[in-house]
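Colleague: Sharing a structure below in structure tokens format, with a few things to ask.
The values are calculated or read from the model by the stated rules, or taken from the named source; none is laboratory data. Keep in mind that what you see is a predicted model, and the values were worked out from it rather than measured. Note that each Cβ is placed from the backbone with ideal geometry, even for glycine, and that neighbours are counted across all protein chains shown. Please note that ligands, DNA and RNA were not included when accessible areas were found on the heavy atoms of the full protein model with its side chains. Shrake-Rupley method; radii C 1.70, N 1.55, O 1.52, S 1.80 Å.
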Amino acid sequence: MKKILYVDDEEFNRYVFNEEFSEKFIVFSVSSGKDALELLKYESVDIVVSDMKMPVMNGLELIREIRKFDRRTPCVMLSALFQNKMITEDIRSGIITKCVRKPWDTDELVKLLNDLIIES
């Protein structure tokens, strides 16, 4: 099974993500960018999925930190603020692999994650 790291400060969202995706993937879910970076020191994952709006370190800052040591792992941003200029620029530059509108459609997100795993 492929490994997904899901980062979201909202406990309910982590619960829902685990419920919807744990049969298809091994899911690691953490509540902060700091916890995500710590996990990535010891665990390799196939995809990182991060919420955009989080305290202390938002999803964009997290993915930029990940890119400092890992340029290959696909990173997907979840955001209700889909038209955010910074997100658009980071997608164009390849920092963010894809951006998905929140709330996500489970079937579409599963397809995207599977497609990204095949491509990587």
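Colleague: Can you show me the helix-derived [θ] at 222 nm for the chain, built from DSSP H runs with n ≥ 4 at -39,500 (n - 2.57) apiece and divided by the number of residues, rounded to the nearest 500. If you can, show how the numbers build up before the last one.
Modeller: Numbers: 5 runs with 52 residues, N = 120.
Result for the chain: -13000 deg cm²/dmol, rounded to the nearest 500.
Colleague: On the accessible surface of the chain, probed at 1.4 Å, how many percent belong to carbon and sulfur atoms? Don't jump to the answer; show the numbers that get you there.
Modeller: On the way: 3530 of 6970 Å².
Using a 1.4 Å probe with all protein chains present, the chain comes out at 51 percent carbon and sulfur.
Colleague: Among the listed pairs 2/41; 24/98; 24/68, which are separated by more than 26 Å between their Cα atoms? Provide the component values of the computation, followed by the final result.
Modeller: On the way: 2/41 18 Å; 24/98 20 Å; 24/68 29 Å.
Cα-Cα > 26 Å for 24/68; rest within.
Colleague: What number, in percent, do you get for the relative contact order of the chain if the mean sequence gap of Cα pairs under 8 Å and at least 6 apart is divided by its residue count?
Modeller: Numbers: 180 pairs, mean separation 27.7, N = 120.
It comes to 23 percent, rounded to a whole number.
Colleague: Starting from 0.36 nm per residue, how many nanometres of slack lie between residue 56 and residue 105 once their C-alpha separation is accounted for? List each step's numbers first, then the result.
Modeller: Values: separation 49, 0.36 × 49 = 17.64 nm, distance 2.73 nm.
Answer, rounded to one decimal: 14.9 nm.
Colleague: Put a dot 7 Å past each Cα toward the Cβ at residue 20 and residue 119; how far apart are the dots in nm?
Modeller: 2.0
Colleague: If you roll a 1.4 Å probe over the heavy atoms of the protein chains, what accessible area per residue do you get for the chain, in Å²?
Modeller: 58
Colleague: Let me ask another. Checking the a/c ratio against 1.5 first, then a/b against b/c, what shape does the Cα gyration tensor give for the stretch 62-120? Present the calculation step by step, with values, prior to reporting the outcome.
Modeller: On the way: a/c = 2.13, a/b = 1.11, b/c = 1.92.
Note, shape of the stretch 62-120 comes out oblate.
Colleague: Considering the zone a paramagnetic label at residue 65 would reach in this model (a point 7 Å from Cα along the Cα-to-Cβ line), which residues of the stretch 91-116 have amide N under 19 Å from it?
Modeller: Label zone hits: 95-97.
Colleague: How much of the pair distance distribution for the chain lies past 22 Å, counting alpha-carbon pairs only, in percent?
Modeller: On the way: 1701 of 7140 pairs.
Tail of the P(r) past 22 Å holds 24 percent of the pairs.
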